[in-house]
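The values are calculated or read from the model by the stated rules, or taken from the named source; none is laboratory data. Just so it is clear, the structure is predicted and the values come from calculations on it, not from any experiment. Ideal geometry is used to build each Cβ from the backbone, glycine not excepted, and the neighbour counts take in all protein chains shown. Accessible surface areas use protein heavy atoms only, side chains included; no ligands, DNA or RNA. Shrake-Rupley method; radii C 1.70, N 1.55, O 1.52, S 1.80 Å.
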Amino acid sequence: MTEIARGLEGIYVTETKLCRIDGQKGELVYSGYDIYELAEQSTFEEVCFLLWNGRLPTKAEYDDLIEHMRRERPLSPLNNRLLHEMVGFVRPMRTLEIAVTVVGALDRNSSDLSPAALQEQATRLAARMPTVIAAFHRIRQGKEVVAPRDDLNHAANFLWMLRGSEPTPLEVEVMNAALILHAEHEMNASTFAAFVTASTQSDMYSAIASAIGTLKGPLHGGANDAVFKTLEAIGTEDNIPSYVDALMERGERIMGIGHRIYKTTDPRAIILERLGAELAKTAPDAKYYHLSQKLRDYLAKKLEGRPLYPNVDFFSASVYKMLGIPNDLYTPIFAMARIAGWTAHLMEQYANNRLVRPNALYEGAENRPYVPIEKRG
Ligand code: COA
């Protein structure tokens, strides 16, 4: 009998040197480096280099990448114009998808799949996406677009361009760690979408547009926004039991909980909770962070014995809130971090590609006589 691998659970579609997850132990490792160590000690730029090259950079290589990203940060005039046109009726994730397509359209070497060209394209996308998100937000607020600064790192630049004020060192540390935590995660749904697109030898930009469209869904990257909406709907600690109980009675899912791979707490949620605790000491709006902790405690009792624990999105929502970021940008921020992993997987894949073409088991009708339309009842 033909077995259907619904959701492709347990199916390996390729080998990778990028990321290892142990969902039972709650381990996440990028190219041999533990996520706890990277989140504490590294920068997002360094993690990009690691994923794209399989090793950490020397100082000179790191400086080169920083310089390269600086050059690639500014928006093209076309993207700037489009952002102004789209504001008000195109939502942030769609805006990002379109902007990435425009970046590809303007790259004359977009179909060059050589390792050097792919590094170039990946650097461009990683540098450009934060600028797009920040500019989109400024324009919709009726504010001036803020240009990137050469003296700020990637995380600091994003907060600077978004808010128009210089972030504190703690805010930069948290943003940087959040980007590292979201940078890569093995063969998840959006990475697989990019993988399928690239398997036809379509270019990196189209593959990334596919990934962005896939990340958007609430079962994947869209969950962080959905977590925020849950927290907003709960409002105060007293409402947690009635809200959760009613939701579960309706058979609905609690956003930010559960994972296909992790059957314990996602290590990224642990790190984000710790970072959130630091921010909460001084953030003007730590209400949702504290509410998240209470919700987590209630759910731990409610879901006891079931393998359902907080995932990365559970605490990212309230952490981003404390950074002064509006909730509809949480998923775009996920994308601007995951660009590192998406592009790294594409580099691995283009070097050893095979067309992805699975099967579907046909269960429809057979041997039906064709009746012309004028004779159909
Ligand atoms: N809340 C309540 N129950 C949940 C749940 C959640 N968030 N996630 C899974 N479950 C339950 C399912 O109802 C199912 O129960 P059953 O066996 O009694 O029918 C069981 O757990 C297994 O769920 P399944 O849908 O097969 O797991 P999956 O591996 O396909 O789902 C997710 C993984 C992430 C899609 C799922 O956990 C989910 O929807 N989580 C919420 C969205 C989210 O936070 N996504 C971000 C992931 S990083």
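Would it be correct to say that Ile271 is at pLDDT below 95 and either away from the ligand (no atom under 11 Å from the Cβ) or not basic (Lys, Arg) (or both)? It is false that Ile271 is at pLDDT below 95 and either away from the ligand (no atom under 11 Å from the Cβ) or not basic (Lys, Arg) (or both).
Applying the set (1) touching a residue at least 12 places away in the same chain (Cβ under 8 Å); (2) over 19 Å from the mean Cα position of the chain (by Cα) to Tyr30 leaves exactly one unmet item: (2). Restricting attention to segment 245-274, the residues being part of a helix (DSSP H, G or I) and either among the hydrophobic types (A, V, I, L, M, F, W, C) or under 14 Å from Ala178 (Cβ atoms) (or both) number 11. Taking the listed residues Val312, Val319, Val356, the one that is of a type in the set (Val, Ile, Thr) and within 14 Å of the ligand (Cβ to nearest atom) is Val312, with no other qualifying. Consider Met86 carefully, then state whether it is open to solvent by less than 60 Å² (accessible area, probe 1.4 Å) and modelled with pLDDT under 95. Yes: the conditions hold for Met86.
Among residues that are at pLDDT 95 or above, in a helix (DSSP H, G or I), under 30 Å from Arg357 (Cα atoms) and away from the ligand (no atom under 14 Å from the Cβ), Ala277 is not included.
Would you be able to say whether some residue in segment 206-220 is closer than 19 Å to Pro92 by Cα, within 16 Å of the ligand (Cβ to nearest atom) and of a type in the set (Ser, Thr, Tyr)? Yes, some residue in segment 206-220 is closer than 19 Å to Pro92 by Cα, within 16 Å of the ligand (Cβ to nearest atom) and of a type in the set (Ser, Thr, Tyr). The residue list Ile325, Ile339 contains one member that is of a type outside the set (Lys, Arg), open to solvent by less than 10 Å² (accessible area, probe 1.4 Å), assigned to a loop (DSSP other than H, G, I, E, B) and within 21 Å of Phe158 (Cα to Cα), which is Ile325. Restricting Thr58, Thr14 to residues that are among the hydroxyl-bearing types (Ser, Thr, Tyr) and surrounded by 15 or more Cβ atoms within 10 Å (Cβ to Cβ) narrows the list to Thr14. For segment 221-244, taking the residues that are touching a Lys or Arg at 6+ places or on another chain (Cβ under 8 Å) and assigned to a helix (DSSP H, G or I), the one that is nearest to the ligand (Cβ to nearest atom) is identified as Val244. Selection of segment 229-268 for residues being open to solvent by less than 40 Å² (accessible area, probe 1.4 Å) and touching an Asp or Glu at 6+ places or on another chain (Cβ under 8 Å) yields Gly256, Pro267. Here Val196 clears all of (1) within 16 Å of the ligand (Cβ to nearest atom); (2) touching a Ser or Thr at 6+ places or on another chain (Cβ under 9 Å) except the condition numbered (1). When you check Met69 against the structure, is it open to solvent by less than 40 Å² (accessible area, probe 1.4 Å), of a type outside the set (Ser, Thr, Tyr) and not assigned by TED's automatic domain parsing to the domain that holds Thr264, yes or no? Judged against the criteria, Met69 is a match.
The set of residues from segment 288-310 being in a helix (DSSP H, G or I) and open to solvent by 50 Å² or more (accessible area, probe 1.4 Å) comprises His290, Lys294, Arg296, Asp297, Ala300, Lys301, Lys302.
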